[in-house]
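Q: Pasting in a structure now, in structure tokens, and then I'll have a few things to ask.
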Amino acid sequence: MELENFKSFGGEVTIPLEEGFTAITGPNGSGKSNTLDALEFVLGPKSTKSLRAANVTQLIFNGGKRGRPAKHMSASLVFSNTPESGSRRRLRIDTDEVRFTRTVRLGRKGAPISSYRINDEPSSATEMRRVLAEAGLRAGGYNIVKQGDVTTLATMTPHKRRGVLEDVAGVTAYDDEIRRANTQRKHVENNIETIDLFEDEQKKRLKDLGKEREQALKFKELKEESDIARTLLHQSRHRNRSDEVGLLGEERSRYLEEIDVIGGKITDGNKGLLALDEELVKVDSDINEITSGEARDLFEQIRQYQIDIETGGDRIGDQHSIFEGAEEEAEEFRTELQGAQSAHEQAEAALTSASQALEEAKQSLKSASEDEHDAREAIESGDKAGRGLKRILGHATEAVDEAHTIHAEARLRADLAEQTAQIASSKLADLEEEFEEATMVRDDLELVGEDLQGDQPTTDRSSLAEELRRLQKQEAELVGDRDRSEIRVRDSERDLNKARARQEGRANTPGSAVTLAALTRLRQSGDVQGILGSLGELTAPKDPSHEEALANSLGAGLRSIVVTDDDVAAKCISWLRQNGGGRATFLPLSKLSTSRPGGRSLIVSNNPGVVGFVHDLLEYDSEIETAVRYAGRNTLVVDTMEVARRNMGGVRLVTLDGSVIESSGAMTGGSASKSTRNAFGGGSVSSSLDRLEA
């Protein structure tokens, strides 16, 4: 055995192990046990714990009390491997001496790096263990008998002792080989069955391929016949085309001859025309000689008057059509004016009713606020009528919320009525202006018509009509653009008023949409790091059918903001106070404390009809598990109200339809709330944020 910097052996140490017995003696702590550890280290133990070390780095010499720690160590076992009877060697390496070396050195960052060598040739841990195991040398066997092993062998049962002897004799290894062989045999049998199945499939496939081959050959024959037939068809068509070309050539020759004959006739006709033209010239000259200059001027004036008469008739007809169109437009403007006046009256009536509703809502809100104030003063004065006052406070709070809602709706209706009245007034004024303009245009056209009907018209009616059509087309386009703009303005103002009403109704609620929008902008700005999001954004039901139950169980906790630590929460609260962003509940993961489900909860969770704990029915990142458990409050989800009533008392329950039963016995339920729909995964909260930010 050759050691270098192994445990307590600093430097290089050689320990001879001769044939027979070798005794190692020395005081405690001198390294007697370390020699056995080195021997077992080279043979390859399953764990360094058998070497009395937490890891391989503790096997390197640490320098002792005064020395310097080493950065590497090595242990080598040198075996004699001379041939035995039959020229067979104990180790399957063809050398008379075999050296097994295992080395450990520290890397740059202190990480251990192991290496294995057989006769100074690089090897692996698996190969080294295999060579040693074939010779019956294993670190986990009984080649090395340590302290206490003799007593164990002496006191164990004969059956266990026989197992040890078989292990030492190598019988166990053969049993292992037999088991592995049986396992391999089963795998081979399974593979053979798979091959048989594959062979059957391939035979079926070959049969199908044979049928396909026959079809392909038949197709090939048919294709060849089709090609031959197509060739014959083309040849016959070619012959027909050749015959047709010959016939067309003959017809062309005949037509050319006819063209020559017709050309001769045309030449003769042209000569006749020239003679007639000469005769016409002579006749014109004779007429000019007969008629004097005054008669020619008279004919030209008569022709000009005829042209003027026809033009004037056309212009008078155009003006009549323009007059009729102007009268139709005036009638339409009168109809629209009456409709606008009626819409204006209806808008004023709606505005009056909305104002009355607003006043009633203000009175209801004032009375509800007074009731709430009185109830709170009564609660603070004493505890005698505490329960009754709490009920009164609850009713007052509900009345206040309802009054807030009515106030917001009334405000919205009043704004809409006011907008409708303003739009109707503006539209009425526009219609009146258009009516006046149309009247003026009609009067102008009548004047123009009177001028055109005179004896000597001086205005070109066609240009006036063209200009009128252009102006009417431009006016129609402008009216369309104005109507579209008014529609867009009305829609935008209506959406803005709705958003304002929702904002006024939710501004005083912790974790409201306004507060969440403000925190979203803060997180996106990067001024405060560690804002993970609302609990509703970070969780989602595993089963969609549990969504309503989970939303009602968590309640306002869905709007709680999860942050990494209390410092982030303090910064967010300070920012909200300074910027008027509302109020919010923060869940710092570093400070939250939760309790595990107790005995009563665990007992009820196993009863029939109980689905499970709220925190087990949600999907979320393990990082926020503390916040989910805190908000869930160990609540159990049950199927129906009957199941909840059987198990109520000492445990908080929620049914699948959203009814909540507190551990104290209080029960909350009723119709489904709209706020619980799409409450998870950033559903209702994110959509509210998007609408507010837009």
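Q: Quick one: is Ala70 of a type in the set (A, V, I, L, M, F, W, C), touching a residue at least 24 places away in the same chain (Cβ under 8 Å) and in contact with a helix residue (DSSP H, G or I) (Cβ under 6 Å, 6 or more places away or on another chain)? Give the derivation first.
A: Working: of a type in the set (A, V, I, L, M, F, W, C): yes; touching a residue at least 24 places away in the same chain (Cβ under 8 Å): yes; in contact with a helix residue (DSSP H, G or I) (Cβ under 6 Å, 6 or more places away or on another chain): no.
For Ala70, the condition - of a type in the set (A, V, I, L, M, F, W, C), touching a residue at least 24 places away in the same chain (Cβ under 8 Å) and in contact with a helix residue (DSSP H, G or I) (Cβ under 6 Å, 6 or more places away or on another chain) - is not met.
Q: If you don't mind, another one. Looking only at segment 625-640, which residues are among the aromatic types (Phe, Trp, Tyr) and either more than 13 Å from Arg596 (Cα to Cα) or outside any helix (DSSP H, G or I) (or both)?
A: Looking only at segment 625-640, we keep the residues that are among the aromatic types (Phe, Trp, Tyr), and these are 630.
Selection gives nothing.
Q: If you don't mind, another one. Which condition number does Arg89 fail, the rest of (1) within 26 Å of Leu165 (Cα to Cα); (2) assigned to a loop (DSSP other than H, G, I, E, B); (3) touching a strand residue (DSSP E or B) at 6+ places or on another chain (Cβ under 7 Å) being met?
A: (3)
Q: Still on this structure, please answer the following. Quick one: Arg179 ticks every box in (1) surrounded by 10 or more Cβ atoms within 10 Å (Cβ to Cβ); (2) within 53 Å of the chain's Cα centre (by Cα); (3) closer than 23 Å to Ala38 by Cα except a single one, so which number is it?
A: (3)
Q: Next up: Can you tell me which of Glu134, Glu127, Glu121 is closer than 16 Å to Gly44 by Cα and at pLDDT 85 or above? Steps first, answer last, please.
A: Working: Glu134 fails: at pLDDT 85 or above; Glu121 fails: closer than 16 Å to Gly44 by Cα.
None of the other options fit; the residue is Glu127.
Q: When you scan segment 677-694, do you find a residue that is β-branched (Val, Ile, Thr) and at pLDDT below 70, even just one? Even if it seems obvious, please write down each step before you answer.
A: We begin by selecting, within segment 677-694, every residue β-branched (Val, Ile, Thr); these are 685.
Imposing the further condition that a residue be at pLDDT below 70 reduces the set to 685.
Within segment 677-694, one or more residues are β-branched (Val, Ile, Thr) and at pLDDT below 70.
Q: Hey, could you check segment 592-621 for residues that are part of a helix (DSSP H, G or I) and without any contact (Cβ under 8 Å) to a residue 40 or more places away in the chain and say which is surrounded by the fewest Cβ atoms within 10 Å (Cβ to Cβ)?
A: Initially, segment 592-621 is screened for residues part of a helix (DSSP H, G or I), giving 599-605, 614-616.
Still in the list and also without any contact (Cβ under 8 Å) to a residue 40 or more places away in the chain: 599, 602-603, 605, 615-616.
On the way: Gly599: 8, Leu602: 14, Ile603: 13, Ser605: 19, His615: 21, Asp616: 14.
Taking the candidates together, the pick is Gly599.
Q: Report whether or not Thr539 is among the β-branched types (Val, Ile, Thr), buried (at least 18 other Cβ atoms within 10 Å of the Cβ), at pLDDT 85 or above and at negative phi.
A: Against the criterion (among the β-branched types (Val, Ile, Thr), buried (at least 18 other Cβ atoms within 10 Å of the Cβ), at pLDDT 85 or above and at negative phi), Thr539 qualifies.
Q: Only one residue in Ala569, Ala627 is free of Cβ contacts under 8 Å to residues at least 24 places away in the same chain and either over 30 Å from Asp657 (Cβ atoms) or in contact with a Leu (Cβ under 6 Å, 6 or more places away or on another chain) (or both). Which one? Give the steps one after another, and end with the answer.
A: Values: Ala627 fails: free of Cβ contacts under 8 Å to residues at least 24 places away in the same chain.
Exactly one of Ala569, Ala627 is free of Cβ contacts under 8 Å to residues at least 24 places away in the same chain and either over 30 Å from Asp657 (Cβ atoms) or in contact with a Leu (Cβ under 6 Å, 6 or more places away or on another chain) (or both), namely Ala569.
The values are calculated or read from the model by the stated rules, or taken from the named source; none is laboratory data. All figures in this text were calculated on a predicted structure; none of them were measured in a lab. Virtual Cβ from ideal backbone geometry, glycine too; neighbours counted across all protein chains shown.
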